[in-house]
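Inspection log for the structure reproduced underneath, given as structure tokens.
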Amino acid sequence: MPAKNVVTAQDLTKRVMSPEGDLTLLQGIDLNITSGETVAIVGASGAGKSTLLGLLAGLDTPTEGRVSIDDEDLFALDEDGRARLRGEKVGFVFQAFQLLPNLTALENVMLPLELAGRHDAHLVADGVLQRVGLEQRASHYPKQLSGGEQQRVAIARAFAPHPQVLFADEPTGNLDRHTGERIIDLLFQLNAEQGTTLVLVTHDQHLAARCQRQLELDEGRLI
């Protein structure tokens, strides 16, 4: 039985206004990503990689085209509907970590679980922090953590709800090489354990090579 498509994009286009007129960031993207697959989106700076990732995750809206996650059309939903779908099925790891500064590491990991109404949020978050080796840092705030520790908290937060799809935007971009390699190992270990579909944007060819498939963008088009 063939693997199910869990992320689908059809004729995905994104244009924005600029002082010089319309600027096309993405043009006519068609892609299918199957359940459990690991996919790297690669290309030069300005090729549209992060724009594509944001559209696939429903964090941005397209000018034209559609995106489906687990057969649910993202842009047929209003913002509340997209937020619900993300909460149920999607995790996201940002390059700049995007931890809430006034919450501890444990509270940051608990947040998506609490928003989903999970009564075991504390227990689950504590377990995931242990899994990423930060149980001793659970009560620390982001400013008290190193960059690598902050990214581990961000990864724990993304994986805690067991999402069907995890999107990661340059997950090692703000880290030194040694720390970045540890983060890569952790990302793939958790992904294998949970059977998540992993879609990531990276400039790191070593990281891209660990994925089952690479999609290359050039000036807003898949090549």
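The values are calculated or read from the model by the stated rules, or taken from the named source; none is laboratory data. Because the structure is predicted, anything quoted here is derived from the model rather than measured. As a convention, Cβ positions derive from the backbone with ideal geometry for all residues, glycine included, and neighbour counts pool all protein chains shown. All accessible areas refer to the heavy atoms of the entire protein, side chains included, with ligands and DNA or RNA removed. Shrake-Rupley method; radii C 1.70, N 1.55, O 1.52, S 1.80 Å.
Being modelled with pLDDT under 95, of a type outside the set (A, V, I, L, M, F, W, C), under 30 Å from residue 48 (Cβ atoms) and assigned to a loop (DSSP other than H, G, I, E, B) is a condition met by no residue of segment 140-156.
Exactly one residue out of 129, 186, 175, 100 is assigned to a helix (DSSP H, G or I) and surrounded by fewer than 22 Cβ atoms within 10 Å (Cβ to Cβ), and it is 186. Residue check, residue 76 against (1) touching a residue at least 24 places away in the same chain (Cβ under 8 Å); (2) of a type in the set (Gly, Ala, Ser); (3) out of contact with any Pro (no Cβ under 8 Å at 6 or more places or on another chain), all met but one. Which one? Unmet for residue 76, out of (1) touching a residue at least 24 places away in the same chain (Cβ under 8 Å); (2) of a type in the set (Gly, Ala, Ser); (3) out of contact with any Pro (no Cβ under 8 Å at 6 or more places or on another chain): (1). Identify all residues within segment 18-58 that are part of a helix (DSSP H, G or I) and closer than 16 Å to residue 219 by Cβ; write none if there are none. Matches in segment 18-58: 49, 50, 51, 52. In the set (1) assigned to a helix (DSSP H, G or I); (2) open to solvent by 60 Å² or more (accessible area, probe 1.4 Å), residue 203 fails one condition alone, (1).
Taking segment 127-171 as the range and being farther than 23 Å from residue 198 by Cα and not basic (Lys, Arg) as the test, the residues that pass are 135, 136, 138, 139, 140, 141, 142, 144, 145, 146.
Taken over segment 32-46, the criterion of being farther than 23 Å from residue 184 by Cα and at pLDDT below 95 is satisfied by 46 alone. Among what's in segment 26-64 and is among the aliphatic types (A, V, I, L, M) and open to solvent by 40 Å² or more (accessible area, probe 1.4 Å), pick the residue that is farthest from residue 208 (Cα to Cα). It comes out as 59.
A single member of 212, 194, 164 is in contact (Cβ under 8 Å) with a residue 24 or more places away in the chain, open to solvent by 30 Å² or more (accessible area, probe 1.4 Å) and under 14 Å from the mean Cα position of the chain (by Cα), and it is 164. Among the residues of segment 65-74, how many are surrounded by 18 or more Cβ atoms within 10 Å (Cβ to Cβ) and within 23 Å of residue 160 (Cβ to Cβ)? Of the residues in segment 65-74, 2 are surrounded by 18 or more Cβ atoms within 10 Å (Cβ to Cβ) and within 23 Å of residue 160 (Cβ to Cβ). The residue that is nearest to the chain's Cα centre (by Cα), among those in segment 75-91 that are open to solvent by 40 Å² or more (accessible area, probe 1.4 Å) and among the charged types (D, E, K, R), is 86.
Checking each residue in segment 1-45 for being touching a residue at least 12 places away in the same chain (Cβ under 8 Å) and on the phi > 0 side of the Ramachandran plot picks out 11, 28, 36, 43.
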